[in-house]
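Here is the structure we will look at, set down as C-alpha cells.
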Amino acid sequence: MTQDHTPLSSGLHARRAAVQLLRGVFEEKEQLSLLLNSGVLDRLEPADRARAQRLATTTLREVGRADVVISQFVEKMPPDVALNILRLAVVELCVEGEAPHGVVDSAVNLMKRSGRSPRMAGLANAVLRKVATEGPQMWGDIPASPLPKWLRPRVVHLFDEATVQGIEAAHLAGAPLDITLRDESKAEHWAEQLGAEVLPTGSLRVTRSVQVTDLPGFNEGAWWIQDAAAAMAARMLNVQKGETVLDMCAAPGGKTMQLAATGADVTALDISADRMAWVEENLQRTGLMAKLMVEDALNAPDDVLYDAILLDAPCSATGTIRRHPDLPYAKDGTQLNELFALQGDMIDTAVGLLKPGGRLVFCTCSLLFDEGERQAKTAMQRHGLTEIEQELPGMEPEWRSRVGGLRLSPSYWADRGGMDGFFMIAMRKPE
C-alpha cells in the first residue's frame, strides 16, 4: 500500500512528529536530544513543536504502562511502526485525557499514512475504542514502567527491590526545574522572585511548568539550570578564591560557572566544540570568567598543574532517566565496558595534572557502582589518593557510600520532586 500524501488535517502535525521521534528512539536507537536537533520539528508551528516534544517524552516515560494496556486488546503486539502509533494514542487517552474521537481518528489516519495495511488501521480503530472506555480505569493499577532489562538486574543487585521500585516511580514522575544561583547568599530573594523552594543543599526548585527564558533573573545571568545533585559536586571540591581549577568534561557549563563564581582561576575543557559553545554562551550570560579549551581530556596539556580538578566523567547517564526517558531505549548496555575503561583513564590523567596535595572530585550521573564506587576505590589504590570527608549543606547520612563518597538515588526527596542519581567523591593527591 502506498503512503497517503494528502494534506494533513488539523491535529495530525504534532502527532506525526511525535511518532517520528518515537521511531528514532525505539527503532534507530537515537537519543531524543539529538533527534530534536535533527530537523524533525523544524516545519511545525511553535505550539505543535512543543506538543510533539511533550507527547514523545510522556510516551517514552509511560511506555511500559502503555504496552500493558495494548496487550489487553490484541492477540500479539503489532509491528514497531503501528505499535508506536498505538502507544502515543494510549498515552493521549489515559494520561493526557484527550477526547477519544480525535485521538482514534488521528491514529487511524497515521496508520494509513505510515504505509501499513488497511488491517492495521482497522486494528487501531478497534483497540483504541476499547482503550478509551477501559484504559483510564486500569491505568492507575499498572506499576511504573520498569528499568530496561539490560539495566534493572544490575541495579537490583546493587540496591534492593524496594529501592529500585522507588527509582522507577521517580522516573515516572519526571523532574522539576532546579536552579543554581550565581550568588547563593541571595537564595531567599530569588526564591520569592521565582516562586521557588530553597532546597537544603542550596539549589532552588521550581515545580510548575515555566518558560525558562522568561523567568526573572535569566537574562541578567543571576542563575542557571542545574540539577540539585549535580550542583553538589562542585561544592564538594571546596574551591577557594585564586586557586587554579580545571573542569574536565565541562559542557554545558553548570559546574564551570559554580567554580568561576568562587573567584578561582578556572579552565573549562571539553572535547566537543559545539558543546563548548554552550559553556561560552552561559559564561557570557552570567558575566563569569573561565579559560575555554576544546580538547580530548586524555590529551589535556600538562604544562600547567592545578590545585583542584572536577571530573564529571562520561558515563551511562542511568541516573538521569527521569529527565531523559529515552535513555533506556536508545542505549542497550553494550558500551559499558568501554565507558568503564575511559573513566579509569580520565582519572589517571586528572591525577597527573594535579599539584602535590591537590584535590580531585570524580563524579558520574550513574546508578552503577562500576562507574562510581569501584572506579574511586581502584583509583585510590593506584595513586595513593585519600578521601576528603566533609559535610555538605543538606547532606543526609544515608547518602554516604559504603566505600566512600556520596551515592545519590532518584528516589531521595521523592516527596518534593526527587533528584538525579549521582556518585561523587573528593580525593587528595599525596604531597
**Asked** Which one is surrounded by the fewest Cβ atoms within 10 Å (Cβ to Cβ), of the residues in region 132-168 that are over 12 Å from GLY64 (Cβ atoms) and small (Gly, Ala, Ser)?
**Response** GLY140
**Message:** Which residue is farthest from GLY135 (Cα to Cα), if the candidates are limited to region 75-103 and must be β-branched (Val, Ile, Thr) and open to solvent by 10 Å² or more (accessible area, probe 1.4 Å)?
**Reply:** VAL81
**Item:** Which listed residue is open to solvent by 10 Å² or more (accessible area, probe 1.4 Å) and in contact with a Phe, Trp or Tyr (Cβ under 9 Å, 6 or more places away or on another chain), from ASN282, ASN337
**Value:** ASN282
**Answer residue from region 173-214, given it is among the hydrophobic types (A, V, I, L, M, F, W, C), in contact with a Leu (Cβ under 8 Å, 6 or more places away or on another chain) and surrounded by fewer than 20 Cβ atoms within 10 Å (Cβ to Cβ) and is modelled with the lowest pLDDT among those** = VAL210
**Request:** Give region 28-74 a look and list any residue that's of a type in the set (Ser, Thr, Tyr) and open to solvent by 40 Å² or more (accessible area, probe 1.4 Å), or say none.
**Result:** SER33, SER38, SER71
**Request:** Please enumerate the residues belonging to region 112-140 that are closer than 22 Å to GLN20 by Cα and within 31 Å of the chain's Cα centre (by Cα).
**Result:** SER114
**Message:** I'm checking my understanding of the structure. Among residues of region 358-403 that are among the small types (Gly, Ala, Ser) and open to solvent by less than 10 Å² (accessible area, probe 1.4 Å), which one is farthest from GLU243 (Cα to Cα)?
**Reply:** SER366
**Request:** Any residue in region 381-400 that's in contact (Cβ under 8 Å) with a residue 60 or more places away in the chain: show its pairings with residues that are part of a loop (DSSP other than H, G, I, E, B) and acidic (Asp, Glu) at Cβ separation under 9 Å, as long as the two are six or more apart or on different chains.
**Result:** none
**Fill in**
Log entry, pairs with first residue in region 75-88 being closer than 14 Å to ARG119 by Cα, second being hydrophobic (A, V, I, L, M, F, W, C) and outside any helix (DSSP H, G or I), beta carbons closer than 7 Å, six or more apart or on different chains, reads LEU83/MET77
**Request:** Please work out which residue is most open to solvent (accessible area, probe 1.4 Å), limiting yourself to region 285-300 and to residues that are more than 24 Å from THR364 (Cβ to Cβ) and of a type outside the set (D, E, K, R).
**Result:** MET289
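The values are calculated or read from the model by the stated rules, or taken from the named source; none is laboratory data. Model, not experiment: these values are computed from the prediction. Please note: Cβ atoms are built from the backbone with ideal geometry, for glycine as well, and neighbour counts cover all protein chains shown. Heavy atoms of the whole protein, side chains included, go into the accessibility calculation; ligands, DNA and RNA do not. Shrake-Rupley method; radii C 1.70, N 1.55, O 1.52, S 1.80 Å.
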